[in-house]
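Enquirer: Got a structure for you, questions after.
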Amino acid sequence: MAARSLTETEARRRAEDLQVQRMQVRLDLDRGPKTFRSSTSISVEARRRTDTFLDVRPQALHSVSVDGNDFDPGLLAEGRYPLALEPGVHEVQVEADVAYSHDGEGMHRTVDPADGRTYTYLMSFMDAAPRCFACFDQPDLKSRYRIAVRAPADWSVLGNTRATRVGDGWWELAESLPLSTYLVTVVAGPWHSVTGEHDGIRLGLHTKQSLAGALDADADELFEVTGQSLDALHERFGIRYPFGDYHQAFVPEFNAGAMECPGCVLFRDGLVFRSAVTDAERGVRVNVVVHEMAHMWFGDIVTPRWWDDLWLNESFAEYVGYRVGQEATRFDDAWVDFAYSRKRWGMVADQRPSTHPVASNGAADAHTALSDFDGISYAKGAALLKQLAAYLGDEVFFAGVRAHLEAHAYGNATLADLLDAWERAAADDVDRGLDVHAWAKAWLRTTGADTLRVDGGELVRTASDGQAGVDRPHRFALSRVSLADTTTETHEVVVTADRTPLPVTSGPGHALLLDTRDDAWAKLRTDAATYAALPDLLPRVADPVTRGAVWLAVRDGFDDAELDPSWVLNLLCAVLPHEDSDVAVRSLLGWAEVTLLGSVYGGSEEATDQLAAAIAVRMRSAPPGSSLQLAAARGLVSIAHDPGLLADWLAGRAPEGLAVDTELRWHLLTQLCRWGAAGRDDVDAETRRDRSTEGVVHATRCRAALPDPEAKAEAWRILTTDSGASNYELYAIGEGFWWPEQQALLAPYVPRFFAEVPATARLRSGWVVAETVRTAFPAYSVDSATLSLAAGVVADMNVDAAARREVADTADTLRRALRIRDRWLT
Ligand SMILES: [Zn+2]
């Protein structure tokens with residue numbers, strides 16, 4: 001039976017009525033592949049007489065007792081067990097058998113096909129703790145935990161605190177500091193572990209045995225970054241890391257990038273690199289490592305009272321992750337990645353139907369709040385915190401944060417509490433003239449982005465639709481660049497009105513580049529002379545952050561059908577041969593493949609060949625073995641319509657320095673399948689070479705990509721009817737299914753997508769539902785009939801809310817592609 005999502009009203013009442021004093025959880029994981037035994041003892045104090053409920057989602061509930069009196073397990077309904085409590089302290093005991101999950105939430109269990117070993121981990125976020133143990137599942141009912149786990153003899157057990165083997169297969173974890181339910185984890189399996197130490201803190205890295213070599217190869221780098229980040233955060237936050245050991249477990253089939261469980265962070269194991277990766281990807285991993293560590297303070301020591309403030313956790317961790325990654329480690333491309341990738345993610349999200357204020361006006365229940373974990377909560381929030389830190393200055397910014405952490409340590413707080421802390425920290429600094437609450441109202445409580453457009457000698461500010469009365473201040477750098485020798489003069493611009501005189505205009509022989517440090521959150525439009533000069537100028541702009549800011553504005557103008565796609569394609573082809581940032585190459589080619597070539601050009605041979613030629617120039621001139629060569633090579637594999645080249649590389653005839661390793665082999669084979677130049681036998685042969693979980697997922701993607709009716713039918717059957725398929729298999733099918741050149745074969749599946757995929761919410765729950773809709777959306781079916789089908793789903797209130805939202809958003813991208821085609825390509 002589906003669980004009912006907790007509402008804020010219910011949570012508020014429960015927090016008023018109850019105080020959880022202690023949680024004791026015993027998990028027997030040695031009872032076969034389907035279920036585990038979960039025994040929970042809760043010490044809970046009722047502050048007054050209350051009719052309340054416990055959250056638990058077992059397969060079989062065996063017993064419930066309160067103060068030794070047994071109650072009927074049959075009273076469990078929709079994941080809630082009713083409790084009537086008199087004032088005072090009570091002992092609640094619950095015994096249940098709980099099912100392992102395969103969707104990355106709750107107690108996930110997976111068997112590695114590489115060696116038959118079994119791994120489990122508990123992902124409690126955001127409301128999945130009751131899929132493991134009985135609890136009062138909300139962020140502001142914190143408790144200390146004592147957890148015991150029984151596991152097979154060859155397993156090891158990790159968790160929020162240090163685990164000790166005590167005999168009979170049982171492990172006991174030391175009592176924890178007060179934790180929210182969503183932060184509790186247990187990680188159990190025959191893990192491969194590497195241990196270390198930094199500044200008195202024990203460190204551990206863990207992953208499945210089949211990735212042992214890859215983890216060992218990266219352990220030094222991971223430990224170094226972990227140590228550097230701990231030092232930097234100790235200095236910034238002024239509170240020493242309090243949760244004991246610091247484990248980082250890279251676990252299979254994880255939905256998110258990572259999860260900040262105190263003492264034992266969970267990461268997706270794709271972040272253990274088993275094949276060659278670019279420095280850009282290593283840099284992204286560093287940002288994830290620091291992001292999760294920042295949560296130890298922001299989220300774990302002080303936790304939002306309710307889910308509507310969880311954005312603050314993410315914005316803060318994202319901002320600190322990029323900043324400390326850049327400042328404290330040798331990976332100094334963090335802000336380049338932010339400009340090219342993260343801000344693009346946020347700007348797109350902020351212009352979609354589902355846009356919402358950064359600080360939302362109240363997530364009614366937990367289920368709704370999950371959908372708000374998007375580019376707005378992460379990237380826009382982080383960009384705004386970056387602005388706020390610039391306004392306040394580091395000293396005030398971090399003094400406010402420290403005061404906030406100290407005031408609410410091991411408890412919960414709200415946005416208003418943090419704003420007050422900043423206001424107090426800024427009080428002595430009267431010259432700064434920033435009203436923190438007014439700033440928060442203008443930026444955190446509004447949606448969308450202003451357009452800032454150069455118009456003669458002025459910058460004209462226009463708020464997005466439906467935002468009358470919004471008055472957002474902007475502050476950023478603007479550069480006048482000589483086209484002859486790129487000599488640059490930079491000016492600071494402050495926008496506080498709808499028309500602002502520019503300090504300088506482009507003029508003859510010059511261009512005007514806006515937001516050259518990438519500080520603004522706005523849709524930027526420079527003047528016509530600058531656009532005309534960009535194909536010649538942009539390859540000569542030295543700062544990759546500035547180039548990223550220019551591309552953010554160009555892609556935004558493209559989305560709005562203001563810029564001719566053939567001009568954008570020419571700009572990309574002019575820039576690529578000179579682009580020396582692997583971050584840029586990766587971001588631009590990923591976007592070009594799906595959006596520019598796929599959705600807008602419909603896979604046109606001419607446009608494809610033009611871009612492939614430019615990528616080939618970049619690849620051939622990159623140093624052999626470099627990140628740049630790998631980034632360009634991958635782009636070429638994805639984009640070029642050249643099965644001969646793909647087959648050559650797969651046979652080992654690749655350019656000098658390019659390692660055709662396991663991951664690149666699968667990438668080549670996926671494209672060969674897509675073009676019909678490889679078949680099932682080739683996929684089977686590759687699977688015999690790579691028997692890992694990753695191999696299974698890649699093979700699933702390859703088979704879904706084959707341009708043959710039987711392969712499509714089989715992929716569709718799994719996608720829409722198989723409740724046992726793993727989350728990663730479903731995403732692989734979505735990614736492999738649609739190709740621009742397969743439209744005729746795929747036409748029947750367009751209406752079937754809208755009829756069947758959103759309805760998979762009946763088969764599956766949580767994260768996987770929306771993610772399946774997003775990855776399996778027919779993105780290349782750019783026509784009004786598809787938009788009508790999408791509108792039908794969006795209007796159907798019987799469809800799962802998260803699925804409807806995802807359809808509305810992805811259809812908006814399709815609507816934009818159609819508008820670009822109508823305006824420029826017909
Ligand atoms: Zn986070």
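The values are calculated or read from the model by the stated rules, or taken from the named source; none is laboratory data. Computed from a predicted structure; not experimentally measured. Cβ sites come from the backbone with ideal geometry, for glycine too, and all protein chains shown count toward neighbours. Side chains are part of the model used for accessible areas, which takes the heavy atoms of the whole protein and leaves out ligands, DNA and RNA. Shrake-Rupley method; radii C 1.70, N 1.55, O 1.52, S 1.80 Å.
Enquirer: Using heavy-atom solvent-accessible surface (probe 1.4 Å) with all chains present, what is the largest-first order of S566, S65?
Expert: S566, S65
Enquirer: Using Cα pairs closer than 8 Å and at least 6 residues apart in sequence, work out the relative contact order for segment 583-695, in percent.
Expert: 21
Enquirer: Ignoring solvent entirely, what values of log10 I(q)/I(0) come out of the Debye formula for segment 168-209 at 0.21, 0.23 Å⁻¹ when each Cα is a single scatterer?
Expert: -1.05, -1.13
Enquirer: Starting at 0 and stepping by 5 Å, how many percent of the alpha carbon pairs of segment 1-99 end up in each bin?
Expert: The distribution over segment 1-99 is 3, 12, 22, 23, 21, 12, 4, 2, 0, given as percents.
Enquirer: On to the next question. Could you tell me how far the Cα centroid of segment 609-628 sits from the Cα centroid of segment 317-369, in Å?
Expert: Going from one Cα centre to the other spans 30 Å.
Enquirer: Please report Rg over Rh for segment 611-770, where both radii come from the alpha carbon positions and Rh follows the Kirkwood definition.
Expert: Across segment 611-770, the Cα-based Rg/Rh ratio is 1.01.
Enquirer: Apply the a/c threshold of 1.5 to the C-alpha gyration tensor of segment 474-563 and tell me whether it is rounded, prolate or oblate.
Expert: Cα axes put segment 474-563 in the rounded bin.
Enquirer: Follow-up. How far is helix 693-705 tilted, in degrees, relative to the longest principal axis of the Cα atoms in the chain, given as a value from 0 to 90 rounded to the nearest 10?
Expert: 50
Enquirer: Considering Cα pairs under 8 angstrom that are at least six residues apart, work out the relative contact order of segment 585-639 and quote it in whole percent.
Expert: 41
Enquirer: When only DSSP loop residues count, what trypsin sites (Lys or Arg not before Pro) in segment 216-288 have their Cβ near at most 16 other Cβ atoms within 10 Å?
Expert: R240
Enquirer: Give me the compactness ratio for segment 36-155, meaning the Cα radius of gyration over 2.2 N^0.38 Å.
Expert: That ratio works out to 1.16.
Enquirer: Counting alpha carbon pairs within less than 8 Å and at least 6 residues apart, what relative contact order, in whole percent, applies to the chain?
Expert: Dividing the mean separation by the residue count of the chain yields 8 percent.
Enquirer: Which far-off residues, 5 or more places away or on another chain, put their amide H under 5 Å from the one on V302, with H placed in the peptide plane?
Expert: Close amide H contacts, sequence-distant or interchain: Y410.
Enquirer: Would you kindly work out the equivalent ellipsoid of the chain from its C-alpha gyration tensor and give its semi-axes, the square roots of five times the eigenvalues, largest first in whole Å?
Expert: Numbers: eigenvalues 359, 226, 136 Å².
Each semi-axis is √(5λ); the values are 42, 34, 26 Å.
Enquirer: Something else now. Jot down the radius of gyration and Dmax of segment 648-699, Cα atoms only, both in angstrom.
Expert: 10.8, 30
Enquirer: Another question about this same structure. Need one word for segment 180-238: rounded, prolate or oblate. Basis is the Cα gyration tensor (sqrt eigenvalues a ≥ b ≥ c); a/c below 1.5 gives rounded, then a/b vs b/c decides.
Expert: Taking the square roots of the gyration eigenvalues as a ≥ b ≥ c, segment 180-238 is oblate.
Enquirer: Residue by residue through segment 709-715, which ³J(HN,Hα) values in whole Hz follow from phi under the Karplus form 6.51 cos²θ - 1.76 cosθ + 1.60 (θ = phi - 60°), with glycine and proline marked x?
Expert: Using θ = phi - 60°, the values come out as x, 5, 5, 5, 5, 5, 4 Hz.
Enquirer: Further question: Count neighbours as other Cβ atoms within 10 Å of each site's Cβ, and list the GluC sites (Glu not before Pro) in segment 76-157 that are DSSP loop with at most 13 such neighbours.
Expert: Counting only loop positions with at most 13 other Cβ atoms within 10 Å, the GluC sites (Glu not before Pro) in segment 76-157 are E78.
Enquirer: Can I ask one more? Can you give me the long-range amide H partners of I147? Hydrogens built in the peptide plane at 1.01 Å from N, cutoff under 5 Å, separation of 5 or more residues or another chain.
Expert: Residues meeting the criterion, in which the H sits 1.01 Å from N, are V25, L173.
Enquirer: Also, I was wondering about something else. How far is it, in nm, from the label point at A416 to the one at E221 when both lie 7 Å from their Cα along the line to the Cβ?
Expert: 4.7
Enquirer: Could you tell me which trypsin sites (Lys or Arg not before Pro) in segment 568-665 are loop residues by DSSP with no more than 13 other beta carbons within 10 angstrom of their beta carbon?
Expert: Details: sites: R586, R618, R620, R634, R653, R665; in loops: R653.
In loop regions of segment 568-665 (DSSP not H, G, I, E or B), the sparsely surrounded trypsin sites (Lys or Arg not before Pro) are R653.
Enquirer: Each residue of segment 280-293 in order: what ³J(HN,Hα) in whole Hz does its phi give by Karplus 6.51 cos²θ - 1.76 cosθ + 1.60, θ = phi - 60°, with x for Gly and Pro?
Expert: Running phi through 6.51 cos²θ - 1.76 cosθ + 1.60 with θ = phi - 60° gives 4, 5, 5, x, 4, 4, 4, 4, 5, 4, 6, 3, 5, 5 Hz.
Enquirer: Sticking with this structure for a sec: For segment 374-385, just list the computed ³J(HN,Hα) in residue order, Karplus coefficients 6.51, -1.76 and 1.60, θ = phi - 60°, integers in Hz, with x standing in for Gly and Pro.
Expert: 9, x, 6, 5, 8, 6, 5, x, 5, 4, 6, 5
Enquirer: If you don't mind, another one. Once you sort the root eigenvalues of the Cα gyration tensor of segment 520-634 as a ≥ b ≥ c, which label holds: rounded (a/c under 1.5), prolate (a/b larger than b/c) or oblate (the other case)?
Expert: Taking the square roots of the gyration eigenvalues as a ≥ b ≥ c, segment 520-634 is oblate.
Enquirer: Label 7 Å along Cα→Cβ of V494; segment 435-461 residues with amide nitrogen under 19 Å?
Expert: The answer is 435-443, 458-461, whose backbone nitrogens lie closer than 19 Å to the label point.
Enquirer: Let me ask something else about it. Ratio of alpha-carbon Rg to the 2.2 N^0.38 Å globular estimate for segment 452-611, to two decimals, please. Walk me through the numbers on the way to the answer.
Expert: Working: Rg = 16.1 Å, N = 160, 2.2 N^0.38 = 15.1 Å.
Cα-based Rg divided by the globular estimate yields 1.06.
Enquirer: Whose amide H sits under 5 Å from the amide H of L459, counting only residues 5 or more places off or on another chain, with H placed in the peptide plane?
Expert: Amide H to amide H, under 5 Å and 5 or more residues apart or across chains, L459 pairs with T500, L502.
Enquirer: If packing is taken as the average count of other Cβ atoms within 10 Å, what order do 421-427, 656-662, 495-501 fall into, highest mean first?
Expert: Ranked by mean Cβ neighbours within 10 Å, highest first: 421-427, 656-662, 495-501.
Enquirer: May I ask you to give the solvent-accessible area per residue for the chain, in square angstrom, as obtained with a 1.4 angstrom probe?
Expert: About 36 Å² of surface per residue is accessible.
Enquirer: T505 versus R31, label points 7 Å from Cα toward the beta carbon: distance in nm?
Expert: 7.8
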